[in-house]
Amino acid sequence: MTAVSGITPSGHLTLGNYLGALRRFAEPTDEPGFYFVADMHAMTTRHDPRRLAVLTRETALLLLAAGLPEESVFIQSAVPAHAQPAYLLECTAYVGELSRMVQYKEKGRGKPMTRASLFTYPCLMAADILLYGADRVPVGGDQDQHVELARDLAIRFNHTYGQTFVVPELQRATTAGRVRDLLTPTAKMSKSDPDEAAGVLRMLDSPDVLRRKVMRAVTDSDATVRHDEGAKPGVTNLLEILGACTGIPPVEVAARYTSYGDLKKDTADGVVALLEPVQARYAELAADPDSVDKLLAAGRDRATAFAKPQLDAAMRAIGLMS
Ligand code: TYM
């Protein structure tokens, strides 16, 4: 089994990214893993090149600080092999299916100045996955459509040109697969919200800031602690977060509380305790940029070597290499 996943550096990473993705990448396993900063995915809408470079570095450090095997971490654009199968998959995908992708529908369709990459980037994401022969794609609850497309493209490519790609399986988080915004608990907590958004817990927020944000989370006026996503999205989100921090199923967490104040306080403590070691490791790495450069170069070289046979096989199958 091989696992692949990426994080787009489109903002400062959130608790949602940690619970839905990073923490799971760090789970011990014997299988090879490839975890990258998807910097090429952060250019599908207007972007600031300097901010992209800063966020790419920060995200790479956070992947390392989260305890992933060091050799598994790299930056996507440092491995040019990602772009090559992306084009082959653009030659496999249909305009119809790309038009149905949610990001394009919501942010780009019908606008002449939409970047072409907002339309085609799902092919790049499919390439990211198929390039490593991944059979497992650990992601949070918002990536289903993308992984589904990667599966469809792998199946179509294999059917048309002969068996080439492994058809990957999506692997969802069991708890906190979709952490909600603390102030708008019907929406997901998103790193691309403005930096100052008070409903977004950032992985590098100080303990004080994390506590303050949790204590101000929106709940409801019903005052009973119960896990009920439809009727009580704010309380349910806190229960999911505390459950993910403590390893206790959220429904059981609910049974332990009678007041929102106590639930918030323990959730704040849980989040701070969860993130503090990652923040400490981040500070160590940030203080040693040469070591980080070496780790990322090693990750890049390993990924490049691993991807080569798969890329060659795809090039041969489609008629670009003999
Ligand atoms: P991105 O950068 O939006 O999110 C990175 C990972 O974090 C998860 N996630 C969440 N999980 C729980 N609650 C949330 N509120 C939350 N927000 C985000 C996401 O599900 C994801 O696992 N296109 C991808 C990046 C990508 C990729 C790939 C992923 C590029 N190539 C190949 C997997 C395989 C993205 O923008 O994720």
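Taking amide H atoms as placed 1.01 Å from N in the peptide plane, list the residues 5 or more away in sequence, or in a different chain, whose amide H sits under 5 Å from that of Lys188.
Here the answer is Asp181, since their amide H atoms fall under 5 Å of that of Lys188.
If amide hydrogens are placed 1.01 Å from N in the peptide plane, which non-local residues have theirs closer than 5 Å to the one on Thr8?
Amide H neighbours of Thr8: Ala38.
With N denoting the number of residues in segment 205-322, provide Rg(C-alpha) divided by 2.2 N^0.38 Å, to two decimal places. Mind showing how you got there, number by number?
Details: Rg = 22.8 Å, N = 118, 2.2 N^0.38 = 13.5 Å.
Computed over Cα atoms of segment 205-322, the ratio equals 1.69.
Under 24 Å between C-alpha atoms is the cut-off here; go through the chain and count lysine pairs that meet it, provided they're at least eight residues apart or on different chains.
Qualifying lysine pairs in the chain: 18.
Which whole-Hz couplings ³J(HN,Hα) result when phi for each residue of segment 287-301 is put into the Karplus expression 6.51 cos²θ - 1.76 cosθ + 1.60, θ = phi - 60°, listed in order with x for Gly and Pro?
7, 9, x, 5, 5, 4, 4, 5, 4, 5, 5, 5, x, 4, 5
Dividing the Cα radius of gyration by the Kirkwood radius, what Rg/Rh value follows for segment 38-134? Before the final figure, lay out each step's value.
Working: Rg = 14.8 Å, Rh = 14.8 Å.
Expressed as Rg/Rh, it is 1.00.
Taking the convex hull of the Cα atoms, report for segment 80-122 its projected area averaged over all directions, in nm². It would help to have the intermediate numbers written out before the result.
Numbers: hull surface 12.7 nm².
The number I arrive at for segment 80-122 is 3.2 nm².
If you wrap a convex hull around the alpha carbons of the chain, what volume per residue comes out, as a whole number of Å³? If you can, show how the numbers build up before the last one.
Values: hull volume 45.4 nm³, N = 322.
Normalising the Cα hull of the chain by residue number yields 141 Å³.
Could you compute the FRET efficiency for Lys265 and Arg226, with r as their C-beta to C-beta distance and R0 at 22 Å, rounded to 0.05? Present the calculation step by step, with values, prior to reporting the outcome.
Details: r = 18 Å, r/R0 = 0.83.
Taking R0 as 22 Å, the efficiency between Lys265 and Arg226 is 0.75.
How would you classify segment 108-177 from its alpha-carbon gyration tensor, with a ≥ b ≥ c the square roots of the eigenvalues: rounded for a/c under 1.5, else prolate if a/b is greater than b/c, otherwise oblate?
Judged from the Cα gyration tensor, segment 108-177 comes out oblate (a/c at least 1.5, b/c at or above a/b).
With +1 on each Lys and Arg Cβ and -1 on each Asp and Glu Cβ, how big is the dipole of segment 25-111 about its Cα centre, in debye rounded to the nearest 20? Don't skip to the answer; put the middle values down first.
Numbers: 9 positive and 11 negative charges, 168 e Å.
Here segment 25-111 has a charge dipole of around 800 debye.
What nm value, rounded to one decimal, do you get for the distance between Lys308 and Cys91 when each label is placed 7 Å out toward the C-beta?
2.2
Given contacts defined as C-alpha pairs under 8 Å and at least six residues apart, what's the relative contact order of segment 98-247, whole-number percent?
Values: 179 pairs, mean separation 24.5, N = 150.
In percent, rounded to a whole number, it is 16.
Just to confirm my numbers, what's the Cα centroid distance between segment 75-89 and segment 239-262 in Å?
Centre-to-centre distance over Cα atoms comes out at 42 Å.
If I take every Cα pair under 8 Å that is 6 or more residues apart in the chain, average their sequence separation and divide by the length, what percent do I get for the relative contact order? The partial results should precede the final answer.
Numbers: 531 pairs, mean separation 71.1, N = 322.
Normalised by residue count, the contact order of the chain is 22 percent.
How much of the accessible area of segment 213-322, in percent, comes from carbon and sulfur atoms when a 1.4 Å probe is used?
Numbers: 3150 of 5570 Å².
That share works out to 57 percent.
Amide H to amide H under 5 Å from Phe34: which residues, 5+ apart in sequence or cross-chain, H placed 1.01 Å off N in plane?
Counting only residues 5 or more places away or on other chains, the set is Ala3, Val4, Ser5.
If you take every DSSP beta bridge whose two residues both sit in the chain, what share of them, in percent to the nearest 5, is antiparallel? Write out the running numbers ahead of the final one.
Numbers: 2 of 15 bridges.
For the chain, the DSSP antiparallel bridge percentage is about 15.
Dividing the convex hull volume of the Cα atoms of segment 68-190 by its residue count, what figure in Å³ per residue is obtained?
Considering the Cα atoms of segment 68-190, their hull volume per residue is 146 Å³.
The values are calculated or read from the model by the stated rules, or taken from the named source; none is laboratory data. These numbers were taken from a predicted model, which means no experiment stands behind them. Note: ideal-geometry Cβ built from the backbone for every residue, glycine included; neighbour counts use all protein chains shown. All accessible areas refer to the heavy atoms of the entire protein, side chains included, with ligands and DNA or RNA removed. Shrake-Rupley method; radii C 1.70, N 1.55, O 1.52, S 1.80 Å.
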